[in-house]
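Working notes, beginning with the structure itself.
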């Protein structure tokens, strides 16, 4: 069994210590969430594990691990098509396939026994590495991450930054390595793709170490959390929510013990001062010795956090805050929005969700008057004062210093500006840095400060939690939950949406659907709709199969015990149904998610087989054509069985 063992790891940059005494293990099948504030050293530690950076002390050992996959935050690629980039992940397999063909030709000519033995070893290695199905694997992963058949022939250089991140993720997943290291894998993924990735990782056989600020993702995937804080690590069994619960309990218990010890120390020191020179001097010296030997409890330092982050009380405005009437938007021949009607009322906290490219940012910009729609009209209500948070921070001036950005735009004194900036973690000389030199998280914090100072009563937020670490996200959540005005937010952070929104809008295929509740309510309703559609599909299929076939009537048996088994259910299905009925709700939900992931993977593989079947060279070879047709039929049966299992789990 492969295992990663880290013992006593330490790293410093000059005189500044990044971390020390870092020890943990990751075994095959572990899904470890790696959390900590920005700048704590998570990415540096991951790069050290991969051998990309040096370390000062400690040991790193991979036991029985053949391969390690890595997805970094910033992906860099050379030239070539997407398909060539994916195939490059299988360079060793492709080389084995080339040698296999050469040996087949040599054997056909020479018929030597030694050649046959060497050929057998080569074929065994080729099969073991998945040489016959790696192209299906490419399609399964690529389709799951939102790439299409047409994308395979596009140049990699033409893809966006978000798409390149997905390419990097796909390449790491393709080889299914013993260990998979993921650095912010959900950045640039829409919710549908994140859910696909959750399903994939839930069934992943190897060890996974994930740096992420996506709490919902960590809840769904992680089986253990390692926190890097106070320049060392602490490990917690369970997912992110359990980690927070246990950490809070540990901190409270430590705080109580610390306070009791401090009270004991205070009383002891008072006794020593009082009787140091009197008749009880001997007892005082004894207590001093005890105090010297006492192991002092040290509280871990509190992480730097936002202070005073609260939006100003907004001015009054009309009940109808923002409206859209018959809005359509096209770019060239491509229609993005189609005849959309929308009303946002005073006090609403609205989440706008949908896949990447659906037009969410376009809709926000139309509402803010930055884009002119091709049809319809949009307007804001009376006395509505909007404040816009752009995900690309266009409202910041890169040449300004942090201090100047606040000082001149809001007409305040330097003392006032520094007070506000300090509350948003800009201290000392930090305020003299140019905005263009700031990190994404720092620019987000500054944008939030400016938004707070506008006094807006309608906030329009486009991916506000991108680049923020978890403590900063929590501060934004608290500020929005306390905000008495109105807001519309686009985000892929499901945990964030669940906490702040009371209404969810879904934008897909150019149309909007409204769900009057939180993100969890929206997902529940979507799942109900999908189950209903699937039930109808299965009923239609069953009806087609039974059409024209009326079973002969059996003679009635008055003494027979009624059979509660549904008609058409075989013994295997009966056993599964009986087994499923004894499951807890949590286990059943886990099995449902796992089955859905298995269905998605099987359908992607089916699509890959379909592509292979349609190749001219495949159709020209009767043997290969027959084999792939059998594989296709078997995959269809597998999908039907998984759907039947899914339906049983949902009906219990």
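With respect to the conditions (1) surrounded by 18 or more Cβ atoms within 10 Å (Cβ to Cβ); (2) touching a strand residue (DSSP E or B) at 6+ places or on another chain (Cβ under 7 Å), residue 469 falls short on a single one, namely (2).
Got a number for residues in the stretch 9-23 being more than 16 Å from residue 59 (Cα to Cα) and crowded, with 16+ Cβ neighbours inside 10 Å? Reasoning before the result, please.
Of all residues in the stretch 9-23, those more than 16 Å from residue 59 (Cα to Cα) come to 13-18.
After this cut, where a residue has to be crowded, with 16+ Cβ neighbours inside 10 Å as well, the list is 18.
Total satisfying the criteria: 1.
Residues satisfying the criterion are absent from the stretch 384-392 (criterion: under 25 Å from residue 191 (Cβ atoms), surrounded by fewer than 18 Cβ atoms within 10 Å (Cβ to Cβ), in contact with a helix residue (DSSP H, G or I) (Cβ under 7 Å, 6 or more places away or on another chain) and in the same structural domain as residue 481 (by TED's automatic domain parsing)).
Can you tell me which of 349, 375, 357 is in contact with a strand residue (DSSP E or B) (Cβ under 9 Å, 6 or more places away or on another chain), touching a residue at least 24 places away in the same chain (Cβ under 8 Å) and under 30 Å from residue 186 (Cα atoms)? Break it down into steps so the answer makes sense when it comes.
Details: 375 fails: under 30 Å from residue 186 (Cα atoms); 357 fails: touching a residue at least 24 places away in the same chain (Cβ under 8 Å).
Of the residues listed, the single one that is in contact with a strand residue (DSSP E or B) (Cβ under 9 Å, 6 or more places away or on another chain), touching a residue at least 24 places away in the same chain (Cβ under 8 Å) and under 30 Å from residue 186 (Cα atoms) is 349.
Set side by side, the residues 194, 167, 107 differ, and just one is in a helix (DSSP H, G or I), touching a helix residue (DSSP H, G or I) at 6+ places or on another chain (Cβ under 7 Å) and free of Cβ contacts under 8 Å to residues at least 24 places away in the same chain, which is 107. The conditions of being over 16 Å from residue 176 (Cα atoms) and in contact with a strand residue (DSSP E or B) (Cβ under 9 Å, 6 or more places away or on another chain) are met by residue 79.
So that you can scan it fast, the table gives a plain yes or no per residue for (1) within 26 Å of residue 402 (Cβ to Cβ); (2) not in a helix (DSSP H, G or I):
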{"site": "426", "(1), (2)": "yes, yes"}
{"site": "461", "(1), (2)": "yes, yes"}
{"site": "479", "(1), (2)": "yes, no"}
{"site": "520", "(1), (2)": "no, no"}
{"site": "527", "(1), (2)": "no, no"}
{"site": "537", "(1), (2)": "no, no"}
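The values are calculated or read from the model by the stated rules, or taken from the named source; none is laboratory data. Since the model is a prediction, treat every value here as computed from it, not as a measurement. Here Cβ is always computed from backbone atoms with ideal geometry, including for glycine, and neighbour counts include all displayed protein chains.
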